[in-house]
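Report on the structure given below.
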Amino acid sequence: MNFHSPQPPSVAQPLSRFRLDWLCWTALALTLILRVGWMVVKPESLAIDRDAYLLLAQNLADGLGYCGPGGVPTAFRPPLFPLLLAPLLWLANVTWAVAMLQLSLSLVLTWATIRTTQLLTIDLASDGLKRNGWYLAGGWAGLIVAIDPLLLLYSTQPMTEILAATLIMLLSLQLAQALIHPASLTLSRLMWAGLLAGLAPLARPALLLLLPWFLICMGWASSQRSSHASLRLPLRIVMLLAGFSLIAPGIWMTRNLVVTGTPIVTTTHGGYTLWLANNPVIQELEETRGTSIWPDEKFREWEAQNREKLDGLSEVEQDKLQQDWAWQAIRRNPSAFARSALLRMAFFWSPVPQSMFQNQVPRGLMELLFFCYGLFAILACLGTVELLRCHRVFGVWLLGTVCLVMLPHIFYFSNARMRAPIEPLLAIPAALCLVKHLQRWIP
């Protein structure tokens with residue numbers, strides 16, 4: 001079932017010529033080599049369970065259900081990463097299971113970045129880029145993703161950064177496909193795109209904001225090359241996408257209603273995270289030291305006080321109470337919140353996580369990271385201007401996605417790690433800008 005008539009040969013033909021050239025294969029090979037190499041150097045990072053995802057996955061693999069410590073059903077963490085990891089735990093130990101999952105996700109992420117960039121640069125072949133420029137741009141975007149330090153660092157840990165980045169890039173690929181080749185908007189593709197949009201907040205709750213944003217951009221994209229004068233077709237596409245996108249969150253909400261008595265949309269982790277970032281102790285640290293990194297002693301003391309106050313309450317009640325405490329702290333000291341919000345944005349865009357400043361990182365390496373991320377930021381900004389000129393819908397999607405991923409961290413804990421899911425998306429305009437300038441020296 002097609003929602004658009006076939007495109008003229010001038011548009012459809014280049015799509016059939018897609019192939020992975022030497023630069024793309026290099027990007028995929030580097031993705032694999034660098035991550036395997038880092039896993040060999042730091043194998044212990046694969047089994048450090050900071051966010052209890054390994055515990056949840058192991059309980060699923062053991063047939064206990066989605067349960068936390070003591071076999072108690074929980075909604076404290078989003079379920080997608082443990083659900084993907086659990087089947088691998090039947091086949092291998094924790095270290096190998098995490099490695100297989102993160103390597104697979106990383107390869108898909110690099111491939112999706114290459115493919116999305118190639119799609120977007122079809123129309124640029126006659127506008128500022130030479131005939132084979134779109135191949136070069138795809139390969140360069142893939143190389144940026146392959147060597148990105150943040151993506152490399154978190155691809156060797158059982159955390160959700162790489163999964164979130166992969167989902168964002170797969171959604172971006174669906175949008176690029178709809179823009180460049182609207183004849184491909186079949187019912188099966190819409191189902192796939194809708195399911196992906198619905199899975200995103202189950203990987204990372206902050207991505208819930210992307211769900212309606214993706215529907216809006218897909219509706220806008222479908223209206224760009226539609227032969228229909230009315231809005232009937234775009235509305236039909238948006239309604240189908242919305243229906244499919246509600247399947248996964250609907251299952252999760254139903255499960256939570258049965259287990260906890262409350263239809264939790266994302267997790268019961270939000271209250272804790274909001275309170276962690278907005279409390280008198282951290283506000284004082286940010287004022288006196290300019291950091292949100294807790295000294296171990298203060299953090300243990302704060303945690304002990306919390307446990308004492310929350311003892312005997314259900315997970316849902318604890319979540320609500322901590323949210324109330326956080327909002328009270330914000331209202332009581334708005335100037336401290338404003339300072340915290342500005343610091344959190346600085347932490348979000350910092351070239352490296354705050355913890356690296358305290359871990360005796362060699363000065364030369366730190367300067368290199370600052371230089372590389374500074375250059376990357378300049379290329380991404382210049383490339384976004386080009387993207388807005390040539391593919392306005394995708395350019396607006398990119399800017400909106402960056403803002404929506406960043407927005408929750410005005411209120412919640414922030415670090416360079418929180419930026420990792422949008423790094424591949426920013427690699428696309430950076431690659432466009434890079435190739436546009438390289439064309440001057442390439443015959």
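Rounded to the nearest 20, the size of the Cβ-charge dipole of the chain about its Cα centre is 1460 debye, with Lys and Arg at +1 and Asp and Glu at -1.
When the inverse distances between all different Cα atoms of the chain are averaged and flipped, the Kirkwood radius reads 23.2 angstrom. For the stretch 214-283, the relative contact order is 19 percent, taking Cα pairs closer than 8 Å that sit 6 or more residues apart in sequence and dividing their mean separation by the residue count. Only helices enter the 222 nm calculation for the chain: every DSSP H run of n ≥ 4 contributes -39,500 (n - 2.57), and dividing by all residues gives -22500 deg cm²/dmol, rounded to 500. Classify the stretch 231-354 as rounded, prolate or oblate, taking a ≥ b ≥ c as the square roots of the eigenvalues of its Cα gyration tensor: rounded when a/c is under 1.5, otherwise prolate if a/b is larger than b/c and oblate if not. The shape class here is oblate. In percent, rounded to a whole number, the relative contact order of the chain is 20, using alpha-carbon pairs under 8 Å and six or more apart. Helix 94-120 axis versus longest C-alpha principal axis of the chain: approximately 40°, rounded to the nearest ten. The angle between the Cα long axis of helix 161-180 and the main principal axis of the chain comes to about 30°, on a 0 to 90 degree scale.
Here the stretch 338-434 yields Rg over Rh of 1.01, to two decimals, using C-alpha coordinates and the Kirkwood radius. Using a cut-off of 13 Å between beta-carbons, work out the net charge of the residues near Leu163 (Lys and Arg +1, Asp and Glu -1, Leu163 not included). Local net charge: 0. Stokes-Einstein diffusion for the stretch 47-202, with the hydrodynamic radius set to the Kirkwood value over Cα pairs and evaluated at 4 °C in a medium of 1.567 mPa s, equals 75 µm²/s. The heavy atoms of Asp324 present about 60 square angstrom of accessible area, all protein chains included, probe 1.4 Å. When the solvent-accessible area of the chain is split by element, carbon and sulfur atoms take up 66 percent of it, the probe being 1.4 Å. Couplings 3J(HN,Hα) for the stretch 199-215, derived from phi with the Karplus relation 6.51 cos²θ - 1.76 cosθ + 1.60 (θ = phi - 60°), are 6, 3, x, 7, 9, 8, x, 4, 6, 4, 5, 6, 4, x, 5, 5, 4 Hz, where x marks Gly and Pro. Residues Ser45, Ser223, sorted by accessible area with the largest first, give Ser223, Ser45 [1.4 Å probe; ligands and nucleic acids excluded]. Taking the three principal axes of the alpha carbon atoms in the stretch 149-224, the coordinate ranges are 40, 21, 19 Å, sorted in descending order.
Taking only the alpha carbons of the stretch 33-86, we obtain Rg and Dmax values of 13.0, 40 Å in that order. Using a probe of 1.4 Å on the protein chains alone, the accessible area found for Cys381 is around 90 Å².
Overall form of the stretch 275-339: oblate. Here a/c, set by the Cα gyration tensor axes a ≥ b ≥ c, is 1.5 or more, and a/b is not larger than b/c.
Listed values for the stretch 367-380 are Karplus-derived 3J(HN,Hα) couplings in whole Hz (6.51 cos²θ - 1.76 cosθ + 1.60, θ = phi - 60°), namely 5, 5, 4, 4, 5, 5, 6, x, 4, 4, 5, 5, 4, 5, and x replaces Gly and Pro. In the context of the full set of protein chains, the chain has a per residue accessible area of 45 Å² (1.4 Å probe). Each residue was assigned an accessible area with a 1.4 Å probe, and for His391 the value is about 10 Å².
Helix 315-332 and the longest principal axis of the C-alpha atoms of the chain enclose an angle of approximately 90°.
The values are calculated or read from the model by the stated rules, or taken from the named source; none is laboratory data. Source: prediction; values computed, not measured. Note that each Cβ is placed from the backbone with ideal geometry, even for glycine, and that neighbours are counted across all protein chains shown. For accessibility, only protein heavy atoms count, side chains too; no ligands or nucleic acids. Shrake-Rupley method; radii C 1.70, N 1.55, O 1.52, S 1.80 Å.
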